[in-house]
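For reference, the structure discussed in these notes is given below.
Coordinate-derived values only; no laboratory data. Only a predicted model underlies this, so the values are computations on that prediction, with no experimental measurement involved. Every residue, glycine as well, gets a Cβ built from its backbone with ideal geometry; the counts of neighbours run over all protein chains shown.
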Amino acid sequence: MPGIQTEAQISLVEAAARNPPLRLNVVKASSENDFDNAFAIAIEKQSNGLIVGSDPFFVARRGQLIALAARYTIPAIYEFREYGGWRPNELRS
């Protein structure tokens, strides 16, 4: 189950979304069984992307999260390279 680390990350992202004002949809999952529903809600709310928290709960289930992001065709940003993607700071030269 995600912990305080995830809640702190949500607070930071919410603060960043205030200026400039951006629409932020926070969708939480506290068990693997919640993942499908969380992705469905994100699509229903017309979310343009997904930020996955760095909580060990999500890292341990990265394969499932990657597969769902691909299935729902929603772009995702992950904290760690182990997810198989790139991190935003890698764009800097």
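Quick notes on this one:
- For Ile77, nonlocal amide neighbours, meaning residues 5 or more places apart or on other chains whose placed amide H falls under 5 Å from its own, are Leu50, Ile51, Val52.
- Extension gain from Ile41 to Arg62, taking 0.36 nm per residue of separation minus the Cα-Cα distance: 5.7 nm
- Stretched out straight at 0.36 nm per residue, the stretch from Asp34 to Val13 would grow longer than its current Cα-Cα span by 5.4 nm.
- In a DSSP loop and with at most 16 other Cβ atoms within 10 Å, the chymotrypsin sites (Phe, Trp or Tyr not before Pro) in region 44-75 are Tyr72.
- Residue-by-residue Karplus 3J(HN,Hα) for region 42-58, coefficients 6.51, -1.76, 1.60, Hz, glycine and proline x: 4, 5, 4, 7, 6, 5, 8, x, 9, 10, 9, x, 8, 4, x, 4, 6
- Theoretical FRET efficiency, 1/(1+(r/R0)^6), r = Cβ-Cβ of Ser54 and Arg23, R0 30 Å, to 0.05: 0.85
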